[in-house]
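What follows is a short report on a single structure.
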Amino acid sequence: MGINIGIDLGTTNSCISYIEGEKAEIIATPEGTRVIPSIVATNKEGKKIFGTEAKRQFVTNSLNTIWGVKRLMGRKYKSKATQEILQRIGYEITEAENGDIKISMDGKKYSSEEISAFLLTYLKDIAEKKLDSQIDSAVITVPAFFNDAQRQATKVAGEIAGLKVSRIINEPTAALVAYGDFLDRDGLYAVYDLGGGTFDISIVDVSSGVYKVVSTIGDTFLGGSDFDAVLIEWIMEEIHRDTGPDYSLDRESLQRILQVAEKIKIELSFNEQATMSLPYLGKDKDGQPYNFTKTITRMEFEELTKGLVERTIKLINKSLSEIKAKPSDIEKIILVGGQSRMPLVRKRLTEVFGKKPVSNLNPEEVVAKGAALQCGIMRGNIERMLLLDVTPLSLGVETKGDSFAKIIEKNTSIPVQKSQIFTTISDNQTTVTIHVLQGERELASANKSLGYFNLIGIPPAPKGFPQIQVTFNVDANGMVSVTAMDKKTQLAQGMRVEYSGGLTKNEIEDIIKNAQEHKMDDIKALKEIAARNGIAEELEIIKQFLKNNVDFLNVSQALEVKKIVSNAELLKDEESIEKLEEAYSVLKDTRENLNKIIMSQLGVADNEVVGNDVIDNGVVGNDVLDEGVDYND
Ligand SMILES: Nc1ncnc2c1ncn2[C@@H]1O[C@H](COP(=O)(O)OP(=O)(O)OP(=O)(O)O)[C@@H](O)[C@H]1O
Ligand SMILES: [Mg+2]
């Protein structure tokens, strides 16, 4: 059996780990780098380069230096997130024919999965060389807010790289697994992850070794590089004040400034002040070589960046209020991500939570270590906790009248499988279309469509009789598959949810908020649709009756029914739901009365006729699925 590794595939940096004995160890590059820049590039000679080497040409060859690809995973070109990313990168992204994105590097176009796969191949090679063994499979971590499309994209990237991805787990969960025994009791744990490009705060409920992410929010555009940017701006202002060459700096000089800014920022986490020195940084206004040397204190730097730290604190408060928890309800605050080493971050967290955050394990390595431990747990080498995550949004199907039947509620622990029984809408309907949706709105059309499939070959039967069992399965990686089965014939159809363009956690939040705001409107709209559909159906039946069976009625009965019909027909523009519902109920009563009249005249007893008490009592629900589309459409 080959070796399994854990991979933290970060926006800025990646980290690899494996299990030695019962302990997770980090795998460093031959140069000794343990935290490897997530950068793929081609150099001036067109050769592919990776990691630290690629980072060195970040500014000088920006067009062919692909960084931050994690933010692009599973996204459509036209999505808001992609458009936002476009403003911030130096390489080219275009739209693929199917709406996905294509990244240009050295004149060739790649999908985000392919770029990630280059990185993963590089990481796998490092591990194989170091361990002198074939890598069998990997556990890869993703942010807790990653949706199905983003998780699948990550898995696909692993597969392209020739890695069997045995599990995708959430980063905060991995961090807590790495802390394992240190979590001395059950309760709520906060994972504060301030990385290179993104910030997340996740609150995880740990109970008897089961980890459940109960809240995860953050900012996809807040991380270490923003702290660097503040320092770069400060340096540029200083150069300007010196009347140095600030407006004529070449790319080489900018690259040097960028590197020095990050270095100084890191130094300030350990020292009270730091001195930067950049000799021969172009020429000054008199044409003389310009040397830049400046000292900045930690206090000055904190003053410049406190706004960024406060943005993370705001999100913590939001996260706590979302689950109605107080800071004191949190057992421990675990630090993840290189930027969380900043003393100001620790100081503010101590103030907010009333206790010091925990960073016994290296915040840049802890996620990879948790992933490696998960490999060990899955192989049975390590006896430890079960991992449990939750679905970020509800999943379900569209039913009659633009309704959304939720089958798996948001925040359900995964893996999970749930079924519900549906039926047909028309007599002799032989096809149903399963429209798979994700979201929180009551109206089907207001949710995100994940795809459609048809179940065909249902034996003809009166509407409401067939029993179609729709089953949703969300696996431990958070990936969704759906099947529909006609219970009578056991005929089944299904689909894996296709890539559907990513949702950022902000979008997820928006969806949830939006759903709350629209709940009343949605319910109103659903009622209106139901009443209008009901009116249309009843009108059709009654009009058929008037056409074919009017002889059963006496003159005044016929007149009254006609009056009811013409009144109902006047309601096309009616807006009041009460009036629509009232008309629907009048029509229903009328139709029932007409039935009774016919039956009594034919001499048939009432209870022999009505057949729709047949639907099984054991049926969970009998929502009606919309009629299938014709295959020739
Ligand atoms: N001692 C330090 N003090 C401050 N910042 C640091 C320190 N060490 C590293 N960093 C910063 O941490 C960032 C990288 O963090 P990390 O490797 O955790 O990111 P990542 O996991 O790739 O990012 P993301 O979580 O956004 O995917 C960089 O911006 C780096 O400059
Ligand atoms: Mg990270």
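Among the numbered conditions (1) touching a residue at least 40 places away in the same chain (Cβ under 8 Å); (2) outside any helix (DSSP H, G or I), the only one that Lys265 does not meet is (2).
Scanning for something over 26 Å from Glu31 (Cβ atoms), buried (at least 18 other Cβ atoms within 10 Å of the Cβ), in the same structural domain as Asp329 (by TED's automatic domain parsing) and in contact with a Pro (Cβ under 6 Å, 6 or more places away or on another chain), does the stretch 151-173 turn up at least one residue? Taking every residue of the stretch 151-173 in turn, none turns out to be over 26 Å from Glu31 (Cβ atoms), buried (at least 18 other Cβ atoms within 10 Å of the Cβ), in the same structural domain as Asp329 (by TED's automatic domain parsing) and in contact with a Pro (Cβ under 6 Å, 6 or more places away or on another chain). The sole residue among Lys524, Lys579 that is at pLDDT below 85, within 26 Å of Ser403 (Cα to Cα) and outside the structural domain of Ile456 (by TED's automatic domain parsing) is Lys524. Quick check on the stretch 115-123. Is at least one of its residues out of contact with any strand residue (DSSP E or B) (no Cβ under 7 Å at 6 or more places or on another chain), in a helix (DSSP H, G or I), at pLDDT below 90 and more than 16 Å from ligand 2 (Cβ to nearest atom)? Checked the stretch 115-123: no residue is out of contact with any strand residue (DSSP E or B) (no Cβ under 7 Å at 6 or more places or on another chain), in a helix (DSSP H, G or I), at pLDDT below 90 and more than 16 Å from ligand 2 (Cβ to nearest atom).
For Ser14, the criteria (1) away from ligand 1 (no atom under 14 Å from the Cβ); (2) at pLDDT 95 or above hold in every case but one, which is (1).
When the criteria are applied in full, Val204 fails the requirement of being assigned to a strand (DSSP E or B), touching a residue at least 12 places away in the same chain (Cβ under 8 Å) and within 16 Å of ligand 1 (Cβ to nearest atom). When Ile85, Ile26, Ile19 are checked against the criterion of being away from ligand 2 (no atom under 16 Å from the Cβ) and within 22 Å of Pro172 (Cβ to Cβ), a single residue qualifies: Ile19. If a residue has to be in a strand (DSSP E or B) and more than 19 Å from the chain's Cα centre (by Cα) to count, how many in the stretch 207-223 make the cut? Result for the stretch 207-223: 2. Of the residues Gly196, Gly282, Gly209, Gly287, the single one that is within 16 Å of ligand 2 (Cβ to nearest atom) and of a type outside the set (A, V, I, L, M) is Gly196. Looking only at residues of the stretch 17-55 that are of a type in the set (Lys, Arg) and away from ligand 1 (no atom under 15 Å from the Cβ), we find that the one that is farthest from the chain's Cα centre (by Cα) is Lys44.
When Ile135, Ile217, Ile169 are screened for being farther than 23 Å from Thr350 by Cα and within 16 Å of ligand 1 (Cβ to nearest atom), only Ile169 passes.
This table checks each residue for (1) modelled with pLDDT of 95 or more; (2) touching a Gly at 6+ places or on another chain (Cβ under 7 Å); (3) buried (at least 18 other Cβ atoms within 10 Å of the Cβ).
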residue: Leu63; (1), (2), (3): no, yes, no
residue: Leu72; (1), (2), (3): no, no, yes
residue: Gln83; (1), (2), (3): no, no, no
residue: Gln87; (1), (2), (3): no, no, no
residue: Gly90; (1), (2), (3): no, no, no
residue: Asn98; (1), (2), (3): no, no, no
residue: Met105; (1), (2), (3): yes, no, yes
residue: Gln134; (1), (2), (3): no, yes, no
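Say whether the condition of being under 28 Å from Arg256 (Cβ atoms), crowded, with 17+ Cβ neighbours inside 10 Å and of a type in the set (Phe, Trp, Tyr) is met by at least one residue in the stretch 183-192. Looking through the stretch 183-192, none of the residues is under 28 Å from Arg256 (Cβ atoms), crowded, with 17+ Cβ neighbours inside 10 Å and of a type in the set (Phe, Trp, Tyr).
Among residues of the stretch 568-587 that are within 9 Å of Arg532 (Cα to Cα), those with a beta-carbon under 6 Å from a residue that is of a type in the set (Val, Ile, Thr) at least six positions away or on a different chain give the pairs Tyr584/Ile535. Each residue in the stretch 413-437 was checked for being within 24 Å of Ala149 (Cβ to Cβ) and without any contact (Cβ under 8 Å) to a residue 60 or more places away in the chain, and 4 pass. Restricted to the stretch 317-351, and to residues there that are charged (D, E, K, R), closer than 24 Å to Ala368 by Cα and outside any helix (DSSP H, G or I), the residue that is nearest to ligand 2 (Cβ to nearest atom) is Lys332.
When you scan the stretch 213-220, do you find a residue that is more than 16 Å from ligand 2 (Cβ to nearest atom), of a type in the set (S, T, N, Q) and at positive phi, even just one? No, the conditions are met nowhere in the stretch 213-220. Listed by first and then second residue, the pairs linking a residue in the stretch 16-38 that is farther than 19 Å from Asp181 by Cα and free of Cβ contacts under 8 Å to residues at least 60 places away in the same chain to a residue that is hydrophobic (A, V, I, L, M, F, W, C) and more than 16 Å from ligand 2 (Cβ to nearest atom), with Cβ atoms under 9 Å apart and 6 or more places separating them unless they lie on different chains, are Pro37/Phe50; Pro37/Ala54; Pro37/Phe58. Within the stretch 176-197, how many residues turn out to be outside any helix (DSSP H, G or I) and either within 16 Å of ligand 1 (Cβ to nearest atom) or of a type outside the set (Asp, Glu) (or both)? Counting residues in the stretch 176-197 that are outside any helix (DSSP H, G or I) and either within 16 Å of ligand 1 (Cβ to nearest atom) or of a type outside the set (Asp, Glu) (or both) gives 13.
The values are calculated or read from the model by the stated rules, or taken from the named source; none is laboratory data. Bear in mind that the values here come from a model prediction, so they are computed numbers and not experimental data. Because the Cβ atoms are built from the backbone with ideal geometry, glycine has one as well, and the counts that use them run over all protein chains shown.
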